[in-house]
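Notes to accompany the following structure.
Derivation of every value follows stated rules applied to the coordinates shown; laboratory data play no part. Please read these numbers as outputs of a predicted model, since none were measured by experiment. In this analysis, Cβ positions are derived from the backbone assuming ideal geometry, glycine residues included, and neighbour counts consider all displayed protein chains.
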């Protein structure tokens, strides 16, 4: 349940990671906290993100509809509806949430398995909508529209990443199907100066090392290690789940 966001309220002088990322500061930090608070924490946080998610869903639909209406002045309603679905469906919103690293700020109970891909996708997509709802209440429609257009409608990273294979996700799905519960990405080595770091990431299944890779970011090193591991384990007998 701990996250960076859950700690900032002890020292509100500093902006949260999310605020630094998007480039503006929430006037009401409690709205931001609520936007990231999953219902699993009801015993500790009595107001989770669901109402903000409801509002954010409506705001997202409005901004996406207006954006597409203006961008495609000759398109009929049916085609505009199909185009909008690309931007408001859960899978796409999950990709946006990953770009924003929303998982780092999530306030989720330890009982929730964020390594379970369907669970992770659902929660992060919902939190993105709740953040949009909180932003609308705190900053108004103009700022929220700019955020949606930049991060949802015109985010080239999402289009590019959607064409890439998510090897880490595929590995997690493989392990779930084969009852492999211990999946551990470990940083084996960090090298290079601060401005040009290199990370060597090892991937361990049930305590045994199956793959490793080096890259300039932890995420890409994890993806490469997952790719190597998938190639290896799919050509071998399934690792013993009891090992």
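Starting from 0.36 nm per residue, how many nanometres of slack lie between residue 119 and residue 208 once their C-alpha separation is accounted for?
Values: separation 89, 0.36 × 89 = 32.04 nm, distance 2.60 nm.
Length gained, residue 119 through residue 208: 29.4 nm.
For a Förster distance of 30 Å, can you work out the FRET efficiency between the beta-carbons of residue 17 and residue 79, rounded to the nearest 0.05?
Numbers: r = 38 Å, r/R0 = 1.27.
With a Förster radius of 30 Å, E is 0.20.
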- Nitroxide proxy distance, nm - points 7 Å out along Cα→Cβ at residue 62 and residue 156: 3.1
- Query: What distance in nm separates the simple spin-label points at residue 191 and residue 24, each placed 7 Å from Cα in the Cβ direction?
  - Reply: 4.4
- Message: If I stretch the segment between residue 146 and residue 103 completely, what's the gain in nm (0.36 nm per residue apart, minus their alpha carbon distance), one decimal?
- Response: 13.3 nm
- Task: Would you list the P(r) distribution for segment 4-162, with all Cα-Cα distances sorted into 5 Å bins from 0 and each bin expressed as a whole %?
- Result: 1, 9, 18, 22, 20, 14, 8, 4, 2, 1, 0
- Return one number: the angle in degrees, 0 to 90 and rounded to the nearest 10, between the long axis of the Cα atoms of helix 117-139 and the longest principal axis of the Cα atoms of the chain. 30
